[in-house]
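**Student:** So that we are looking at the same thing, I have put the structure below in structure tokens.
The values are calculated or read from the model by the stated rules, or taken from the named source; none is laboratory data. The structure displayed is predicted, hence computed values, not measured ones. Note that we place each Cβ from the backbone using ideal geometry, even for glycine, and neighbour counts take in every protein chain shown. For accessibility, only protein heavy atoms count, side chains too; no ligands or nucleic acids. Shrake-Rupley method; radii C 1.70, N 1.55, O 1.52, S 1.80 Å.
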Amino acid sequence: MQKRGTFITFEGIDGCGKTTQMHLLGERLRASGHPVVETIEPGGTEIGRQIRKILLDARNAELNDRAELLLYFASRAQNVEQVIQPALARGAIVLCDRFTDSTLAYQGSGRGLDPEPILELDRIACAGLQPDVTVLIDIDLETSMERSRNRNQRLASAETRIDDESAAFHARVLAGYHALAQKYPDRIIAVDGRASICSTAQAVWQRIASRV
Ligand code: TYD
């Protein structure tokens, strides 16, 4: 399939505010006349939503690391073929809440899985599709833990299997993101997520506007 649009992914540790920032960027791009499609990983398709339930259900504590890894890619393979590639072929800007950098950070750095097979699975699941730009919303660990705790209590969320991991796990994920940002400086834009929603959105816009 011919790719014509722009593929932008949003990344960061839990509670960083990437979902809010992605919606705000989507609104701003639409207001400037761009066709925009927003999607999410895991999820984004009906099959992806079913896979997401398995992945995030706090009762599935026995899910092993390799099964978890494959399920994240199963959701992504479906989303790439059913939603992302067709939208890019139509010339849309596709915004995706998490993508393979999440797998490198959480399953790679967090769980300690080898990154090479993760990249090989990425080639299979995404058929060579890679983000043009990735916005990394960067916050510190304390803010992350506090925000996700508050949100999970407020929403009485059952999707807490990963949030419930130890502080040491989340610290490894954060370090993994910083290593990715260093490794791919042309693709990954890091934006400070500790400022207000409004000023973070402005910083995202300033860095993105020239690239769409
Ligand atoms: P998300 O819905 O973005 O949750 P949050 O809003 O709390 O950040 O993502 C769900 C969880 O899945 C999140 O804890 C990160 C985790 N995850 C992985 O471990 N690997 C992956 O490849 C992806 C896409 C997400």
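**Student:** When the residues of region 30-43 are narrowed to those that are open to solvent by less than 20 Å² (accessible area, probe 1.4 Å) and more than 20 Å from A190 (Cβ to Cβ), which ends up nearest to the ligand (Cβ to nearest atom)?
**Tutor:** This residue is P42.
**Student:** Of the residues R207, R147, R123, only one is farther than 22 Å from T6 by Cβ and either outside any helix (DSSP H, G or I) or of a type in the set (D, E, K, R) (or both); which?
**Tutor:** R147
**Student:** Within the set of pairs 6+ apart or on separate chains, which have a first residue in region 36-56 that is on the phi > 0 side of the Ramachandran plot, a second that is away from the ligand (no atom under 14 Å from the Cβ), and C-beta atoms under 6 Å apart?
**Tutor:** Going by the 6 Å Cβ cut-off, the qualifying pairs are G44/V83.
**Student:** Checking R154 against (1) part of a helix (DSSP H, G or I); (2) in contact with an Asp or Glu (Cβ under 8 Å, 6 or more places away or on another chain), which single condition isn't satisfied?
**Tutor:** So the condition that R154 fails would be (2).
**Student:** Continuing with the same structure: Any residue in region 108-116 that is in a helix (DSSP H, G or I), polar (S, T, N, Q) and in contact with a Leu (Cβ under 7 Å, 6 or more places away or on another chain)?
**Tutor:** No; the residues of region 108-116 include none that is in a helix (DSSP H, G or I), polar (S, T, N, Q) and in contact with a Leu (Cβ under 7 Å, 6 or more places away or on another chain).
**Student:** I'd like to verify a number: residues in region 45-60 that are assigned to a helix (DSSP H, G or I) and away from the ligand (no atom under 14 Å from the Cβ), how many?
**Tutor:** 3
**Student:** Only one of these is within 29 Å of Q82 (Cβ to Cβ), of a type in the set (D, E) and over 15 Å from the mean Cα position of the chain (by Cα): E142, E120, E146. Name it.
**Tutor:** One residue alone meets the criteria, E120.
**Student:** Same structure again: Would you please name the residue that is modelled with the highest pLDDT, looking only at residues in region 133-167 that are open to solvent by 50 Å² or more (accessible area, probe 1.4 Å) and farther than 21 Å from G193 by Cβ?
**Tutor:** Looking at the filtered set, the residue picked out is S166.
**Student:** Would you confirm, using the coordinates I've provided, whether L119 is surrounded by 17 or more Cβ atoms within 10 Å (Cβ to Cβ), closer than 23 Å to F73 by Cβ and not charged (D, E, K, R)?
**Tutor:** no
**Student:** Within region 6-20, track down each residue that is open to solvent by less than 10 Å² (accessible area, probe 1.4 Å) and at negative phi.
**Tutor:** The answer is F7, I8, T9, F10, E11, I13, C16.
**Student:** Ok, one more. Before we move on, is Q107 within 8 Å of the ligand (Cβ to nearest atom) and over 11 Å from the mean Cα position of the chain (by Cα)?
**Tutor:** yes
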